[in-house]
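Q: Structure in structure tokens, see below.
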Amino acid sequence: MTTEMDTRAWWKPDETGPEILDVTLGDMLDCQAATFGDRPAVTIDEDAGAGGAAWSYAELRAEVDEVARGLMALGIARGDHVAVMAQNCAAWVLLEYALAKVGAVLVTVNPALLRDELAYVLGQSRARALIFSPSFRSNDIAASLAQLMPDLDGLTGGRRKGGAELPGLELLIGLGEAPGFAMGFEAMREGAGAVTPEALAARQAEVQSRDVCQIQYTSGTTGKPKGAMLTHRSTVNNARLTADRGDFGPTDVLLSAMPLFHTAGCVCNVMTMLVVGGHLVTMDSFEATRMLQLWDSHAPTVLNAVPTMMTRMLEHPDFTSYRTRTLRKAFTGGTNIAPSLMRQMKERTGGDPLILMGMTECSPVITLTSPADSFEEQLATAGTPLPRTEIRIVNPETGDLCAWGESGELCIRGYNTMAGYFDMPEKTAETIDAGGWLHSGDLAELAQTGHLKIVGRLKDMIIRGGENVYPVEIEECLLDHETVSQAQVVGVPDPDLGEEICAFVMPAPGAELDPQGLQAFCRTRMARHKMPKYIQAMDALPLTANGKVQKFALREEAAKLVASGALVPVRR
């Protein structure tokens, strides 16, 4: 007899696969160092091979323990929030593990953030310490910090004693050539001698699996970034179940340039290789030629990259001169995946598609394609829920369960959902309901086989080249310009980056809009990846009967204008 529940899109947790462990990241590293001591653990390529590091599991543990003891010597306590703002580098990997061992909370910060964006994250997260690169590309991070905190003028050693701005930020540690006001990272490490290994072991034993280990900033339609609190238990187990579904093992080598300040890097890369004893090869930033060189020299079996990166390498004029038929898995997600691209990857590299659907608030992987599916089935959906993960599709207006194959909002419940948004109880309650269901804001369809297909987004988030971009942030910036009366930002399809950014702008009375000037205005206040590619003047915006802007109509109009060539890109 078929019950009503059998006809509704509700996937109950699959109890197969690895059991959920109450384990911390620090303890997992120790376990793997004992098991795989001499095997390669991590290789970090910096400055196109001019810098970086390579460690076996035993060496990695020793390096991490020294950094952890150095942090303890500076007074970093269990529960302290420590922000790390840097591109991929050796120090970033060490800090991810070391902060976990001492029980501190890693606050990940995109190094592309400009001064005001950085001030918000440091203030809202209540960061006690900041470990940072002095610069990232054209972003002078040290200068931004000096502007934010005038008391840094004349400061040496990195220790602040209060200040009108960011008074809770007490310690600044610079990577590389640290500015004068900061303590150098190596100087911090040298302080490890003041803390015994026994003291570190005692501290590590205090850390619990359900403790928050990371705060990852993400945004919604409010435009204000929210700090998703992820635990040791949620991230390490998500890595274990992802690795199990992907059939990862100790002989695997994973190559990637995904940023460590995203869960795609610090969980899907760092932790999935850790939990199986595999080898992670990561680089400071993506560059097609350098990644192909690393591919040739390390013979990776797994590649984790957004579609744009894959396309850049496949189209590289010297692609065939590199040894690239080494892959078992082409691991990707975060945007619409073109089946033609994954077919090319399979034909030219041997890698089967491993496509995920995830979100930061879910630590991050929710569904993943299965090796048991046919190649075409792997291309058609975002896979099936990982074991121990419960999902359902609900009507976003009524909350009623949808039928199998019917479009509705994707909701998730399980070990992998976040502990909440830091210091934002109201936003947490808006996202996680009383039944423990996390409402994703994604429109999806769920087949009775468990296969998930994302068909749209209730939220207006744009995914540009794997980076999440939130329209309200850009809209608020544009509205601060004197020539702008109203602004609405939408995503438009882009064959290279998945989506690009289009701003519809109404001029202020008597004003003339200058698209290049508006883009330049945005550039001084936001990271480059948030710059609108298209800026279209409008006399009026489409409204609903109750006066709300019809964003769906703007998205349709933008797509039509771009397809016809009527919308000309503004030079970035």
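Q: Which residues, taken from region 22-38, are in contact with a helix residue (DSSP H, G or I) (Cβ under 6 Å, 6 or more places away or on another chain) and either among the hydrophobic types (A, V, I, L, M, F, W, C) or in contact (Cβ under 8 Å) with a residue 24 or more places away in the chain (or both)?
A: Taking region 22-38 and keeping what is in contact with a helix residue (DSSP H, G or I) (Cβ under 6 Å, 6 or more places away or on another chain), we get 23-26, 28-29, 32-33, 36-37.
Within region 22-38, VAL23, THR24, LEU25, GLY26, MET28, LEU29, GLN32, ALA33, PHE36 meet the criteria.
Q: Continuing with the same structure: Inside region 6-61, can you point out the residues that are over 20 Å from CYS266 (Cβ atoms), of a type in the set (A, V, I, L, M) and in contact with a Leu (Cβ under 8 Å, 6 or more places away or on another chain)?
A: Once the filter is applied, which keeps residues that are over 20 Å from CYS266 (Cβ atoms), of a type in the set (A, V, I, L, M) and in contact with a Leu (Cβ under 8 Å, 6 or more places away or on another chain), region 6-61 yields only ALA9.
Q: Ok, one more. Is region 259-266 home to any residue that is surrounded by fewer than 21 Cβ atoms within 10 Å (Cβ to Cβ), in a helix (DSSP H, G or I) and in contact (Cβ under 8 Å) with a residue 24 or more places away in the chain?
A: Scanning region 259-266, I find no residue that is surrounded by fewer than 21 Cβ atoms within 10 Å (Cβ to Cβ), in a helix (DSSP H, G or I) and in contact (Cβ under 8 Å) with a residue 24 or more places away in the chain, so the answer is no.
Q: Here's another thing I want to ask about it. In the set THR332, THR282, which member is under 21 Å from VAL469 (Cβ atoms), buried (at least 19 other Cβ atoms within 10 Å of the Cβ), under 16 Å from the mean Cα position of the chain (by Cα) and β-branched (Val, Ile, Thr)?
A: The match here is THR332.
Q: Where the second residue is surrounded by fewer than 20 Cβ atoms within 10 Å (Cβ to Cβ) and charged (D, E, K, R) and the first is closer than 15 Å to MET258 by Cα and lies in region 288-301, which pairs have Cβ atoms under 7 Å and are six or more apart or on separate chains?
A: Short answer, once both residue conditions are applied: ALA288/ARG312.
Q: Give the residue, chosen from THR2, THR24, THR43, THR35, that is at pLDDT below 95 and either over 25 Å from the mean Cα position of the chain (by Cα) or not hydrophobic (A, V, I, L, M, F, W, C) (or both).
A: Numbers: THR24 fails: at pLDDT below 95; THR43 fails: at pLDDT below 95; THR35 fails: at pLDDT below 95.
Checking each option against the conditions leaves just THR2.
Q: Can you tell me which of (1) in contact (Cβ under 8 Å) with a residue 60 or more places away in the chain; (2) farther than 26 Å from LEU113 by Cβ; (3) in contact with a Phe, Trp or Tyr (Cβ under 7 Å, 6 or more places away or on another chain) is the one VAL549 doesn't meet?
A: Only one criterion in (1) in contact (Cβ under 8 Å) with a residue 60 or more places away in the chain; (2) farther than 26 Å from LEU113 by Cβ; (3) in contact with a Phe, Trp or Tyr (Cβ under 7 Å, 6 or more places away or on another chain) is unmet by VAL549, namely (3).
Q: Of the residues ILE412, ILE463, ILE432, which single one is touching a residue at least 40 places away in the same chain (Cβ under 8 Å), of a type in the set (A, V, I, L, M), out of contact with any Cys (no Cβ under 7 Å at 6 or more places or on another chain) and on the phi < 0 side of the Ramachandran plot?
A: Details: ILE412 fails: out of contact with any Cys (no Cβ under 7 Å at 6 or more places or on another chain); ILE432 fails: touching a residue at least 40 places away in the same chain (Cβ under 8 Å).
Within the list ILE412, ILE463, ILE432, the selection yields ILE463.
Q: If you check ALA112 against the conditions, is it touching a His at 6+ places or on another chain (Cβ under 8 Å), among the small types (Gly, Ala, Ser) and farther than 22 Å from ARG210 by Cα?
A: Numbers: touching a His at 6+ places or on another chain (Cβ under 8 Å): yes; among the small types (Gly, Ala, Ser): yes; farther than 22 Å from ARG210 by Cα: yes.
So ALA112 fits the description; yes.
Q: Could you grab me the full set of residues in region 472-499 that are crowded, with 20+ Cβ neighbours inside 10 Å, within 24 Å of VAL306 (Cα to Cα) and free of Cβ contacts under 8 Å to residues at least 60 places away in the same chain?
A: Scanning region 472-499 gives ILE474, VAL489.
Q: Looking at THR332, THR381, can you tell me which residue is under 25 Å from MET418 (Cα atoms), of a type in the set (S, T, N, Q) and touching a His at 6+ places or on another chain (Cβ under 9 Å)?
A: Working: THR332 fails: touching a His at 6+ places or on another chain (Cβ under 9 Å).
Exactly one residue qualifies, and that residue is THR381.
Q: Please enumerate the residues belonging to region 178-214 that are in contact with a strand residue (DSSP E or B) (Cβ under 8 Å, 6 or more places away or on another chain) and either closer than 12 Å to ALA100 by Cα or assigned to a loop (DSSP other than H, G, I, E, B) (or both).
A: ALA178, PHE181, ALA182, SER209, ARG210, ASP211, VAL212, CYS213, GLN214 - these are the residues of region 178-214 that are in contact with a strand residue (DSSP E or B) (Cβ under 8 Å, 6 or more places away or on another chain) and either closer than 12 Å to ALA100 by Cα or assigned to a loop (DSSP other than H, G, I, E, B) (or both).
Q: Going by what's in this entry, would ALA98 be described as in a helix (DSSP H, G or I), crowded, with 24+ Cβ neighbours inside 10 Å, among the aliphatic types (A, V, I, L, M) and modelled with pLDDT of 95 or more?
A: Numbers: in a helix (DSSP H, G or I): yes; crowded, with 24+ Cβ neighbours inside 10 Å: yes; among the aliphatic types (A, V, I, L, M): yes; modelled with pLDDT of 95 or more: yes.
In short, yes.
Q: It is to be established whether one or more residues within region 493-510 are closer than 15 Å to MET461 by Cα, in a helix (DSSP H, G or I) and of a type outside the set (Phe, Trp, Tyr).
A: No, that holds for no residue.
The values are calculated or read from the model by the stated rules, or taken from the named source; none is laboratory data. From a predicted model like this one, the values you see are computed outputs, not experimental measurements. Ideal geometry is used to build each Cβ from the backbone, glycine not excepted, and the neighbour counts take in all protein chains shown.
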